[in-house]
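Colleague: Take a look at this one; I'll ask things after.
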Amino acid sequence: MNFKIALLSGLVPEGRVFGLDQQTLISIGIQLLNVCILAAALGFILYKPVQEFLRRRTDKISSQLKEAQEKMDQAEKLKAEYEKKLQEIDSERIKILESARLAAAERSRHIIEEARWEATEIRRRAHENIIAERERLKEETRLHIIEIASLLAGKFIEHAIDREAQDRLFDEAMAQLEETAWLN
Amino acid sequence: MSVLPGGDILLDFRVDNLWVLQIGGVEIWITRTIFNTWIIMLVLIVLALFLRFKLRRFEEIPRGLQNAMEAVVEIFDGFLRNSGGEKLMPLGKWFFAVFAFIFVSNISGVVGLRPPTADWATTFALALATFILIQVMGIKYRKTGYVKSFFEPLFIFFPLNLIGELARPVSLSFRLFGNILAGTILMALVYQLAPIIFQFGIPAVLHAYFDLFMGALQTYIFCVLSIMFIKGATE
């Protein structure tokens, strides 16, 4: 192939502002090739990597948003379930409380009845004890009185009356005592 | 600028030829436009490599450069998605490169380069690429419907439709070429003809308008029109 480069000014044609000939067509072809090369280079070096990165980031953000939405939906579902369960628990709690309240009321009524019965019983027994104690005290008092009276009577008789009168009074008293004891 | 023997000043706006290659008997002129295009390509590729190096590991929470790069990519993708839906999305890389190339070319006058877009060969190459994309996308998404559209509303309208279709790359290329060449010529006039007193400050304002503002505007117009044409072909 014949390849030659002319550098001498005498061999290089003069320039021009505008022309429509074979050299213009060649220049157009070279310039078209130049722009294509430039587009390929800039696209490969800069535009495509940035575009690719932006696309990946958009995809990532989209997937994150989608994931977040799914989680939100899931959370909403769980929340609804929990709320439903809480409502169920609440109604169950009310039921349990109601039954506990009824049981407690029944138990309370039962305890009160028992307490009343026991109180009545205690009172009855106390009353009986009081009566028995009173009887006992009455008996003791009577015996004391008798003893004191006997003692006083003995002393009086010892000083005031003779032996005969004493015997007669003793017999009368014994007779009266026997009569009283028999009547009681 | 050259001074002719009579003392007249020759303003040179031509695209110089730097080398001539002969490959298989075919003469190929390596013009200043092609050379400057290579410089711009090199700058853009080195810049892309630098950015890629700085962004070796993308962070989940972007900061600084990563924020800027993400914003750029999202702007292109978002614009294409909003314009033509998912159908146009694969063209993001192409329009990113075209936008970067045209913009840097348009503003290259600021650093003294002759903008490659001030050469019709460059703008027509870009417009031709758009034209090819229009046809490819039209046939891909509309199949025979796209071919039929050349015969609508009646068969006799085919020549008009065909001319209208062929006019698109021509109008696209000449719009960009004319605007940038006009800026280049005006700046050359200012630098070569204006008195030295006007060489301070004023060129900066003119550069800001013709190179930066018009450069950015024409870049946007070229890309938006290309996208609209392609979108029209797919619907």
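Colleague: How big is the Kirkwood radius of the protein assembly as shown, worked out from every pair of different alpha carbons and given in Å to one decimal?
Modeller: 31.8
Colleague: In Å, the Kirkwood hydrodynamic radius of chain B over pairs of distinct alpha carbons?
Modeller: With all distinct Cα pairs of chain B included, I get 20.4 Å.
Colleague: Are any of the pairs B:93/B:231; B:87/B:143; B:148/B:231; A:48/B:143; B:143/B:231; B:93/B:143 more than 20 Å apart by Cα-Cα distance, and if so, which?
Modeller: The pairs that break the limit, which is 20 Å between Cα atoms, are A:48/B:143; B:93/B:143.
Colleague: Hey, how many Å between the Cα centroid of the range B:133-170 and the Cα centroid of the range B:39-61?
Modeller: Each part reduced to its Cα centre gives a spacing of 39 Å.
Colleague: Rounded to the nearest 500, what is chain B's calculated 222 nm mean residue ellipticity when only DSSP H runs of at least 4 contribute -39500 (n - 2.57) each, over all residues?
Modeller: Only helices count here, giving -22000 deg cm²/dmol.
Colleague: So, one more: Pop a pseudo-label 7 angstrom from the Cα along the beta-carbon direction at both residue B:111 and residue B:198 and give the gap in nm to one decimal.
Modeller: Once both label points are built, they end up 2.9 nm from each other.
Colleague: Please sort by residue number the trypsin sites (Lys or Arg not before Pro) in the range B:135-166 whose DSSP state is loop and whose Cβ has at most 16 other Cβ atoms within 10 Å.
Modeller: Loop-located and lightly packed - B:143.
Colleague: So what is the calculated 222 nm ellipticity per residue for chain A, using -39500 (n - 2.57) for each DSSP H run with n of 4 or more, over all residues, to the nearest 500 deg cm²/dmol?
Modeller: The per-residue figure over chain A is -31500 deg cm²/dmol.
Colleague: Please identify every one of the trypsin sites (Lys or Arg not before Pro) in the range B:23-97 that sits in a loop by DSSP and has no more than 12 other beta carbons within 10 Å of its own beta carbon.
Modeller: B:56, B:57, B:63
Colleague: For chain A, take the longest principal axis of its alpha carbons; what is the angle in degrees between that and the long axis of helix A:163-183, to the nearest 10 within 0 to 90?
Modeller: With rounding to tens, the tilt is 40 degrees.
Colleague: Which of the three applies to the range A:20-65, rounded, prolate or oblate, going by the alpha-carbon gyration tensor with a ≥ b ≥ c and a/c under 1.5 meaning rounded?
Modeller: Prolate is the answer for the range A:20-65, as a/c is 1.5 or above and a/b outweighs b/c.
Every number here is computed from the coordinates shown, using simple stated rules; none is lab data. This is a predicted model, so every value here is computed, not measured. Reconstructed Cβ throughout: ideal geometry from the backbone, glycine too, with neighbour counts over all protein chains shown.
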